[in-house]
1. When the residues of the stretch B:85-115 are filtered to those that are touching an Asp or Glu at 6+ places or on another chain (Cβ under 9 Å) and assigned to a loop (DSSP other than H, G, I, E, B), which remaining residue is surrounded by the fewest Cβ atoms within 10 Å (Cβ to Cβ)?
2. Residues in the stretch B:108-122: is at least one within 11 Å of chain A (Cβ to nearest Cβ), touching a residue at least 24 places away in the same chain (Cβ under 8 Å) and basic (K, R)?
3. Out of all the residues in the stretch B:38-59, which are in a helix (DSSP H, G or I), within 11 Å of B:G130 (Cβ to Cβ) and open to solvent by less than 50 Å² (accessible area, probe 1.4 Å)?
4. What number of residues within the stretch B:62-84 are part of a loop (DSSP other than H, G, I, E, B), touching a residue at least 40 places away in the same chain (Cβ under 8 Å) and within 14 Å of chain A (Cβ to nearest Cβ)?
5. Quick check on this structure: which one of B:R24, B:R56 is of a type in the set (K, R), touching a helix residue (DSSP H, G or I) at 6+ places or on another chain (Cβ under 9 Å) and under 15 Å from B:C124 (Cα atoms)?
6. Residue under question is A:F65, and the condition is that it be over 14 Å from the mean Cα position of the chain (by Cα) and within 14 Å of chain B (Cβ to nearest Cβ); does it hold?
7. Counting only residues that are of a type in the set (S, T, N, Q), modelled with pLDDT of 95 or more and within 27 Å of A:Q146 (Cβ to Cβ), give me the helices (runs of 4 or more DSSP H) lying completely in the stretch A:32-118 with at least 1 of them.
8. Against the conditions (1) part of a loop (DSSP other than H, G, I, E, B); (2) under 15 Å from A:E67 (Cβ atoms); (3) hydroxyl-bearing (S, T, Y), where does B:S118 fall short? Just the number, please.
Amino acid sequence: MRSKLPLAAAILLFAAPLRAEEKSVPAIADPLVRQECGSCHMAFQPVFLPARSWNRIMDELANHFGEDASLPPDKAQRIRAYLTANAGDAAGGGWARRYMRWVAESGTPLRITANPAFERKHRLPDAVWKDPKVVTKSNCPACHTQAEKGWFDDD
Amino acid sequence: MIRSVLIAATLAAVPFAAMAGAPRRDAILSDYATQASQANPGFSGFSAQRGELLFRTRWAGGDERTPSCTACHTDRPQGPGRNAKTGRPIEPVAVSVNPKRFTDMAEVEKHFSRDCKSVLGRPCTPLEKGDYVTFMAGQ
């Protein structure tokens, strides 16, 4: 990524360091979640959304951002249980707290990338977003090579 | 003498490695053949050429971000692809470089149903599926 996205890399270098315990988010431990929710995009860590958002996402898989991402009931049940148990409002602390701050009491946002906590860290030049390797804001691993392991602090 | 034996052995090893998944791929193809002849009694086998056409045609009716299979799998099946909706890299789909391809019926069916809906706006027929796998098996 560093050679291909020099702008993003340069900005990452200047990013203010966080305290060690806040540097990463817990990686997804359940291989079923990694596999089924990681086949079209990276499997997003549940801390970035509240449990009610994950419930809504799991309820609406047949029309998931224009895709049919339906799953058999047994798999869906296990994935739902994992995502809600580890959601931002269940986890607390670190990035979970920073993201949950912006979510209304009964709000069910579907996008991590629409959260102001995301937007604040991602005011990047247009050229970065237009890089053909990026395609969309939700493509975290294009810029954060260790994103799937929960590392977004790339220094 | 020793050299020519070595060369022969190397030559034999290459297609063998590529064929590791062949029995399972053949089983998938014969499943599609059964379905294709049920749909059309005149069915006379799959065609790599028709499969290539399915792969390269720009269809109308699907998602505008994915007018053709090549939108994600790229023009060159031997090379890596990239999901045009999410940016996620995709391993090559040509069997010669990725012998695991088309060896798990559940995976194959899952992707045909998602990807055909996305590109053609409708499910692929058993004939189209068999043609596609036949094309990729030769790539």
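The values are calculated or read from the model by the stated rules, or taken from the named source; none is laboratory data. From a predicted model like this one, the values you see are computed outputs, not experimental measurements. Heads up, the Cβs are rebuilt from the backbone with ideal geometry, glycines too, and the neighbour counts pull from every protein chain shown. For the accessible areas, the whole protein counts, side chains as well, though only heavy atoms, and no ligand, DNA or RNA atoms are used. Shrake-Rupley method; radii C 1.70, N 1.55, O 1.52, S 1.80 Å.
1. B:K100
2. yes
3. Selection gives B:A48, B:G51, B:L54.
4. Qualifying residue count for the region: 3.
5. Only one candidate passes the filter, namely B:R56.
6. Criteria met by A:F65.
7. Of the helices (runs of 4 or more DSSP H) lying wholly inside the stretch A:32-118, those with at least 1 residues that are of a type in the set (S, T, N, Q), modelled with pLDDT of 95 or more and within 27 Å of A:Q146 (Cβ to Cβ) span A:51-59, A:73-85.
8. The one condition B:S118 does not meet is (1).
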